[in-house]
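Here the structure is laid out as structure tokens; the discussion comes afterwards.
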Amino acid sequence: MRADVIVRRVSAPVIHGLVRRHLDDIVGLDNLPTQGPFVLAPNHRSYFDHFVVETVVGFAVGRPVWFLTKRESFETRLSRVWTTAWHGIPVDREQPTPDTLRAVRRVIDAGDVLCVYPEGTRNTGGDLLPFHAGAFRFAVASGVPVVPVATTGTDAVLPTGAWRLRRRARARIAFGEPIVPDLGSGRADAAARLAVETKAAIVSMYGGLGGDGVVEAVGGFRIVGASARVHRERESRAARAFDQRTSSALTPDGTLPRAAFRRLRSLLALLHHIDPASPDLLAQRARLHGLVLVRRPFPLRILPGLVVRRRLRRVLRVDPDHAVANYLMGRWYLAMPDALGGGAVRAEAAFRRSAESAEPGDTRALAALAELYAAVGRVGEALEALRRVADAPPDGDARAEMRSERARARIAELS
């Protein structure tokens, strides 16, 4: 086994644990593409940037994140092994060599993620350094989007020249909307425009990495008042992004591969550490564990299933109309016998409540209702639910599109 592989396996749990301990906020997780290669363009203030970006993005997308790294980091054996272990690609900051270009092409062709620091070096000042247009030529040459990334506090966690992390320092990270290169006026102009747009996006994101106001504890959860509305919106947005990533990781038959479960569990641990009292994230935790339980024999589901129900009830006590929690509770009722509190009647009530409060395009509860109605012979109601699933706008959600296709096929069968 190669030395860099061993170093990666040994150091990764430690690094990921340090990031979880020192990361205080994640904004814009939904802006990270779930499929296809893309280029990350963060500001650069500390070596800790590398580990924050790699940890968050790696858990979120499930693909390697490769970093263009100054060639000097590969000069000694120890530094070379460490940098290679953490997916460094040697680059000459004055002029990329053919080897660098080939390495970048392999990353893009594999569908992985490339991280380039447009400032070119760590910035110890207040304002951003000038962005080098050359950093964006990789995105332009490949026609892949650029995701702006703003980080704050990483230089406080690991200052320049320091070897130890400051225990009480905290960092934050924000992801902007992907910027697609416009090649209409040539590659050089496209790279220059990307540099300007990315820098402007990073500057604008700094405002979203500040404090969020006051929250009060009610029923074991933090309920956000008017002065903390931004916090609640951000919490819900993070939970929705996690929900979408869980759905995109499912196989066509609705199961979650073990590797995806481990990755998503780690991502959820990051989010939970940032906001341990979030009911939305608690519902996502219940969903993640429920997806694992369905693979187990029924006797082995009972006790863990009761834990899942307890978590869902906690969410529903605070928000009785919580769409995801009601949907999951409906699934729980269907999976458990009447003697343990399950049953089709309770499942129907939960699915109906979920369907009424679900966001546009979220047809999970409607599909579940149709499945339940068809099973008990209520064909007319099943057809009505299936038509609503088939007619719902999928909004680019692959799972929603799959449900629509299945609904149309089921309508043909029942009709």
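The values are calculated or read from the model by the stated rules, or taken from the named source; none is laboratory data. None of the values given here were measured: they were computed from a predicted structure. All Cβ positions, glycine included, derive from the backbone under ideal geometry; neighbour counts span all protein chains shown.
Quick one: is residue 80 under 30 Å from residue 6 (Cβ atoms), surrounded by 12 or more Cβ atoms within 10 Å (Cβ to Cβ) and modelled with pLDDT under 85? Taking the combined requirement at face value, the residue does not satisfy it. Within the set 39, 7, 52, the sole residue that is in contact with a Ser or Thr (Cβ under 9 Å, 6 or more places away or on another chain), in a strand (DSSP E or B) and either more than 30 Å from residue 133 (Cα to Cα) or modelled with pLDDT of 95 or more (or both) turns out to be 39. Evaluated against (1) free of Cβ contacts under 8 Å to residues at least 24 places away in the same chain; (2) of a type outside the set (A, V, I, L, M, F, W, C); (3) farther than 18 Å from residue 252 by Cα, residue 371 falls short on exactly one condition, (3).
Residue 119 falls short on exactly one of the conditions (1) in contact (Cβ under 8 Å) with a residue 60 or more places away in the chain; (2) surrounded by fewer than 23 Cβ atoms within 10 Å (Cβ to Cβ); (3) farther than 29 Å from residue 24 by Cα, and that condition is (3). Set side by side, the residues 63, 106 differ, and just one is under 28 Å from the mean Cα position of the chain (by Cα), part of a loop (DSSP other than H, G, I, E, B) and assigned by TED's automatic domain parsing to the domain that holds residue 136, which is 63. Of the residues that make up the stretch 404-411, is at least one within 23 Å of residue 30 (Cβ to Cβ), surrounded by fewer than 14 Cβ atoms within 10 Å (Cβ to Cβ) and within 28 Å of the chain's Cα centre (by Cα)? Taking every residue of the stretch 404-411 in turn, none turns out to be within 23 Å of residue 30 (Cβ to Cβ), surrounded by fewer than 14 Cβ atoms within 10 Å (Cβ to Cβ) and within 28 Å of the chain's Cα centre (by Cα).
The set of residues from the stretch 145-166 being more than 26 Å from the chain's Cα centre (by Cα) and either free of Cβ contacts under 8 Å to residues at least 24 places away in the same chain or surrounded by 13 or more Cβ atoms within 10 Å (Cβ to Cβ) (or both) comprises 159, 161, 162, 163, 164, 166. The set of residues from the stretch 363-381 being more than 27 Å from the chain's Cα centre (by Cα) and either part of a loop (DSSP other than H, G, I, E, B) or surrounded by fewer than 22 Cβ atoms within 10 Å (Cβ to Cβ) (or both) comprises 371, 372, 374, 375, 376, 377, 378, 379, 380, 381.
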